[in-house]
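Undergrad: Sharing a structure here in structure tokens format.
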Amino acid sequence: MSEFMPHYAPVVVLLFLGTVLLMGVSFLVLFYGAARRSSFFARLGGGAALTMAAGYFIVLSGVSFASSGEVLPPGGWKYFCEIDCHLAYSLLGARTAATLGPEMQPVSAHGEFVIARVKTWFDERTISAHRGNGPLTPNGRKVILVDGDGRSFGPSPEGQAAFARLFGFSTPLTTPLRPGESYTTDFVFDVPRDARGLRLSITEDHPETRLVIGHENSLFHKKIYFGVDSAASLTKSAR
């Protein structure tokens, strides 16, 4: 099972950029009218900018309200559009631990450590015909755990450091890939022992995505998660 974020990415990105461009032109008309003391141009520019902003917000909100949340099953992929190609993410497995690190330097969790292993894949089937084999540096991502009560937990610096001392450093999500390449990244979270219904969220970490129609970061839009409780169990020694 695969989900794309956002759907129809080239269309919604062009719509966003076109709206920004037209609003910029409208403001220029508004400033021109103000400088010339022309009420006609001032009203024309201001009215056009206000109409486009209101229309865009209505469409953005409507699409968001009509969206539905999704929890991907084991083996599911979440795709992010990079305009002329797509990067896909999948949760390979997860496990819990009370302590992490070498035997002589264990680090105890405040609650319980949850280790999640994520695979990043540059799907070579999604590139444009003229792109070539050049490397792609992924956009910034935000990775958190969310429980059934809506509480969110970011990666634990202490847990990540202890995991690295035991297994070595994990591949960062910002590592460039060429078409067809992939790597895995381990994330360590420290969650309360009473946390239930854990879901992993991987989303873009750019503020402008809040203004893209159909993007899960936009206002009121539902999210796409990976189910942690249903994920395959990682062995303690596996990397």
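The values are calculated or read from the model by the stated rules, or taken from the named source; none is laboratory data. Only a predicted model underlies this, so the values are computations on that prediction, with no experimental measurement involved. When we count neighbours, we look across all protein chains shown, and the Cβ atoms used for this are built from the backbone with ideal geometry, even at glycine. We work out accessible area using only protein heavy atoms, side chains counted, and drop any ligands, DNA or RNA first. Shrake-Rupley method; radii C 1.70, N 1.55, O 1.52, S 1.80 Å.
Undergrad: From the set of residues in region 119-165 that are part of a loop (DSSP other than H, G, I, E, B) and buried (at least 17 other Cβ atoms within 10 Å of the Cβ), which is nearest to the chain's Cα centre (by Cα)?
TA: This residue is Pro138.
Undergrad: Then there's this: What is the residue count in region 6-28 for residues that are in contact with a Gly (Cβ under 8 Å, 6 or more places away or on another chain) and open to solvent by less than 40 Å² (accessible area, probe 1.4 Å)?
TA: 3
Undergrad: Checking Leu44 against (1) buried (at least 16 other Cβ atoms within 10 Å of the Cβ); (2) under 30 Å from Asp205 (Cα atoms): exactly one of these is not met. Which one?
TA: Of everything listed in (1) buried (at least 16 other Cβ atoms within 10 Å of the Cβ); (2) under 30 Å from Asp205 (Cα atoms), Leu44 misses just condition (2).
Undergrad: Take the residues in region 166-179 that are part of a loop (DSSP other than H, G, I, E, B) and in contact with a Pro (Cβ under 7 Å, 6 or more places away or on another chain); name whichever of them is surrounded by the most Cβ atoms within 10 Å (Cβ to Cβ).
TA: The selected residue is Leu173.
Undergrad: So, Glu216, is that one surrounded by 15 or more Cβ atoms within 10 Å (Cβ to Cβ), charged (D, E, K, R), at pLDDT 90 or above and part of a loop (DSSP other than H, G, I, E, B) or not? Before the answer, list the steps.
TA: Details: surrounded by 15 or more Cβ atoms within 10 Å (Cβ to Cβ): yes; charged (D, E, K, R): yes; at pLDDT 90 or above: yes; part of a loop (DSSP other than H, G, I, E, B): yes.
In short, yes.
Undergrad: When only residues in region 219-239 that are under 13 Å from the mean Cα position of the chain (by Cα) and basic (Lys, Arg) count, which is surrounded by the fewest Cβ atoms within 10 Å (Cβ to Cβ)?
TA: Filtering first and then ranking leaves Lys222.
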